[in-house]
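The values are calculated or read from the model by the stated rules, or taken from the named source; none is laboratory data. If you're wondering where the values come from, they're calculated on a predicted model, not measured in any experiment. A quick note on method: Cβ atoms are made from the backbone with ideal geometry, for glycine too, and the neighbour counts reach across all protein chains shown. With ligands, DNA and RNA removed, areas are computed over all heavy atoms of the protein, side chains included. Shrake-Rupley method; radii C 1.70, N 1.55, O 1.52, S 1.80 Å.
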Amino acid sequence: MSKPTRDMERLFRRGKNDPAFFVENVVGTTTLWHKQIEIANSVRDNFRTAVRSCNGAGKTFISAAIVAWFLTSHVNSIVISTAPTSRQVRELLWQEINTIKANSKYPLGGETTLVQWTLGPKWFALGLSTDDPNRFQGFHAEHILGVIDEAAGVDSPIWEAMDAILTSYGARLLVIGNPTEPSGEFFNAFSSPLYNKIHISAFDTPNFTDFGITEEDIVNNTWQEKITGNFRYPALITPKWVAERRMEWGEDSPAYQARVKGNFPLIGTDTMIPLGWVLRAKERPCVYNDDDDCYMAIDVARYGDDDSVIGIRRGNSLSRKEVFHHADVHTLSKAAKFIADEEHPKWIKVDVVGIGAGVADNLRAWGYPAVDYVAQGRAWNADKFVNRRTESWYLTREKFRKDLINIPPDDVLIGQLTATKYDFDVAGRYRLESKDKVKARGLPSPDHADVVVMLFEAEDAYESFVHSDVPLREDFPKGSVGDMLRILEEGESEEVRWQALRL
Ligand SMILES: Nc1ncnc2c1ncn2[C@@H]1O[C@H](COP(=O)(O)OP(=O)(O)OP(=O)(O)O)[C@@H](O)[C@H]1O
Ligand SMILES: [Mg+2]
C-alpha cells in the first residue's frame, strides 16, 4: 500500500467520527441523502439501530458504506453481515461493498473476495449465509458490527447468534429492510427500547422531496408536472413507480403499505380483489358470442358443508355456474360430463385436492380434456407467489382491475371474491389466506370465487394433461344436463339418482 499522505490522514481522522464525511470525502463517489446520514450516525451512536423502509431507498448501499466506514475506522474491528439467502449476501450487500472499495477515491486497503474483506489477522468483514447459525459463533472484538439486510426474512436463531457476538462496549447492530412481515424479530425490534428506530417512506426520499412531490400529488396525478429537472439519485425509488403501484395495489393494500410507505402491514387489512373492481365487473353485461372460446372449472368440496361448484367461461364472461351440495365423486363426475357435453370447453380445470382427483380421472378416462389444478402446488412464478392458488387469485385480480372480466349480479360470488385477504411471507411473496382461515372468520368457504379464479387466471391451462395419451372426444353428445341436475337437486331416491347419472 502506498504511504498515506498528510491529506489522507486528515480525511481519515475526520471520517472516523463522521461516517457521512467518510463516504463523501474518503470514498468520494457520491453524496448521501439525509436519511442515509441519519442511519450512519445512528450506527455510530447507538448499540442497536433498526430501519424499516420502502423499496429502493438506498438501504443496501448505506449498509455497505457503513461496513466500509466501520471496518476502516477501527483497528482490529470485525464486521459480520447476513441476509435471508446466500445469494442476497453475495449479490446485494457484498457487491456494494466491493464496488465501494474498488472505486474509492483514497485506497481503503486490505484484500477482498466475494464475501470477505481482510485488513489483518484479526481485522476483517465477512458475509455469512443463514443456513448455519453455528458459523456466527466465536467472533469477538472491541469494535464489532453486525448487519442484517432484508431483516424481515431472517429467522430468530440468526438474530440470537448475532446478538451473542455483540458483547463488547463498542459493538453495534444494524437491522434494515422492507417491513413485509408483521411478526418476528424485525417486527419486534420496532417496539423494543433497545433499538434506535428509523422509518423511511417513499415520500421522504430525494426523488420526491427535491420536487416537493407529496402523497396528494400521487393521488391527484399532479406529480408529473412537478418534475422540473433531473433526478439527483436516478437509481432510487421514483414517483412513477409509486403512482403505478398505487394503481395496481390500492393505497390500503399491505403491498403499498410495506413497499411504498415503509409500514408493517396490519395482518389482513386488505382483500386480494377490491370490491370496487368486482362491482364494475358486475355492471358490465355478461355478453359473449357462441363462437367465443369456452372454458370449464370445477372446485370440489372438501368438507360436508362446502359446495362443489362448476363454472363456465365464454370469452370474458362467466356464462354459467352450477352448485352441488354433498356431491360424491361419481355424481360430480357425471354432472361435469353432462355440462361439458353441452358447453364443449377447451379445457376443464379440476381442483384435485381430495376427491377432486377422482373427478379429474373420470373425466379423462371418458375422453374429456381435464387438467389437474393443484391449489397448494408451486406457482408458475414461485419468486412472487407462495403457491398456485395465490397466483391464480392475483392474476384474476389483475383482470378485474383491467375490466377484463364480466360476471352476473351474483351476490354470493361477489361476497366471496372480495372477502379473501392476503399478506406476505418472510421472503416477501404474496400469500393468500387459506379457505380454512376464511371460514374461521365466519365467512363461507370461497368455492364459487375459486372457480372464477381458475377460469380467468389465464387462457392456457399450462399444466400438462396427465393422461395425454387418452384421445379427446370429438363427438360431444348432447346430454340432458338440466333434467339430471333437477333430479339431483330435488333429492330423488337413490335409485332415481343413479338413473339420472346414467342418462
Ligand atoms: N447515496 C447514493 N448515491 C448514489 N447511488 C445510490 C445511493 N444510495 C443508493 N444508491 C443506488 O441506488 C440503487 C438502490 O439502492 P439500494 O439497493 O441500496 O436500495 P434498497 O433500499 O436496498 O433497495 P431494495 O428495497 O430493492 O432492497 C442502487 O443502485 C444503489 O447503488
Ligand atoms: Mg436492498
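Would you mind finding the one in Trp347, Trp380, Trp366 that is on the phi < 0 side of the Ramachandran plot, in contact (Cβ under 8 Å) with a residue 60 or more places away in the chain and either in contact with a strand residue (DSSP E or B) (Cβ under 9 Å, 6 or more places away or on another chain) or not assigned by TED's automatic domain parsing to the domain that holds Trp393 (or both)? If you could, list the steps in order and put the result at the bottom.
Details: Trp380 fails: either in contact with a strand residue (DSSP E or B) (Cβ under 9 Å, 6 or more places away or on another chain) or not assigned by TED's automatic domain parsing to the domain that holds Trp393 (or both); Trp366 fails: either in contact with a strand residue (DSSP E or B) (Cβ under 9 Å, 6 or more places away or on another chain) or not assigned by TED's automatic domain parsing to the domain that holds Trp393 (or both).
Answer to the selection: Trp347.
Residue-by-condition table, conditions (1) open to solvent by 50 Å² or more (accessible area, probe 1.4 Å); (2) under 21 Å from Glu24 (Cβ atoms); (3) not assigned by TED's automatic domain parsing to the domain that holds Gly15:
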| residue | (1), (2), (3) |
| --- | --- |
| Ser73 | no, yes, no |
| Ile78 | no, no, no |
| Thr82 | no, no, no |
| Thr99 | yes, yes, no |
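The one condition from (1) within 14 Å of ligand 2 (Cβ to nearest atom); (2) open to solvent by 50 Å² or more (accessible area, probe 1.4 Å); (3) assigned to a helix (DSSP H, G or I) that Arg52 does not meet is (3).
A quick yes/no check of all residues on (1) in a loop (DSSP other than H, G, I, E, B); (2) buried (at least 24 other Cβ atoms within 10 Å of the Cβ):
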| residue | (1), (2) |
| --- | --- |
| Lys321 | no, no |
| His330 | no, no |
| Val359 | no, yes |
| Gly367 | yes, no |
| Gly377 | yes, no |
| Tyr394 | no, no |
| Lys399 | no, no |
| Gly415 | no, no |
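Mind listing just one residue for me: the one in the stretch 32-49 that is part of a loop (DSSP other than H, G, I, E, B) and in contact (Cβ under 8 Å) with a residue 60 or more places away in the chain and, of those, nearest to ligand 2 (Cβ to nearest atom)? Ranking the qualifying residues of the stretch 32-49, first place goes to Trp33.
Being touching a residue at least 12 places away in the same chain (Cβ under 8 Å), away from ligand 1 (no atom under 16 Å from the Cβ), among the hydrophobic types (A, V, I, L, M, F, W, C) and within 17 Å of Pro19 (Cβ to Cβ) is the requirement here; does Leu145 meet it?
Details: touching a residue at least 12 places away in the same chain (Cβ under 8 Å): yes; away from ligand 1 (no atom under 16 Å from the Cβ): yes; among the hydrophobic types (A, V, I, L, M, F, W, C): yes; within 17 Å of Pro19 (Cβ to Cβ): yes.
Considered against the rule, which asks whether it is touching a residue at least 12 places away in the same chain (Cβ under 8 Å), away from ligand 1 (no atom under 16 Å from the Cβ), among the hydrophobic types (A, V, I, L, M, F, W, C) and within 17 Å of Pro19 (Cβ to Cβ), Leu145 comes out as yes.
On the stretch given as the stretch 55-81, residues that are away from ligand 2 (no atom under 11 Å from the Cβ) and closer than 11 Å to Ile176 by Cα total 0. Residues that are part of a loop (DSSP other than H, G, I, E, B) and either of a type in the set (Gly, Ala, Ser) or touching a strand residue (DSSP E or B) at 6+ places or on another chain (Cβ under 6 Å) (or both) within the stretch 99-130 comprise Ser104, Gly109, Gly110, Val115, Leu128, Ser129, Thr130, listed in sequence order.
Take the residues in the stretch 3-31 that are part of a loop (DSSP other than H, G, I, E, B) and open to solvent by 80 Å² or more (accessible area, probe 1.4 Å), then tell me which one is farthest from ligand 2 (Cβ to nearest atom).
Taking the stretch 3-31 first, the residues part of a loop (DSSP other than H, G, I, E, B) are 3-5, 17-18, 28-31.
From what is left, the residues that are open to solvent by 80 Å² or more (accessible area, probe 1.4 Å) are 3-4, 17.
Details: Lys3: 37, Pro4: 33, Asn17: 27 Å.
This residue is Lys3.
Selection of first residues in the stretch 102-116 that are open to solvent by 80 Å² or more (accessible area, probe 1.4 Å) and of second residues that are not hydroxyl-bearing (Ser, Thr, Tyr), restricted to Cβ pairs under 7 Å at least 6 apart or on distinct chains, gives the following pairs, ordered by first then second residue: Lys105/Val26; Lys105/Val27; Lys105/Gly28; Leu114/Arg90; Leu114/Trp94.
The numbered conditions (1) within 29 Å of the chain's Cα centre (by Cα); (2) of a type outside the set (Phe, Trp, Tyr); (3) open to solvent by 30 Å² or more (accessible area, probe 1.4 Å) are all true for Pro285 except (1).
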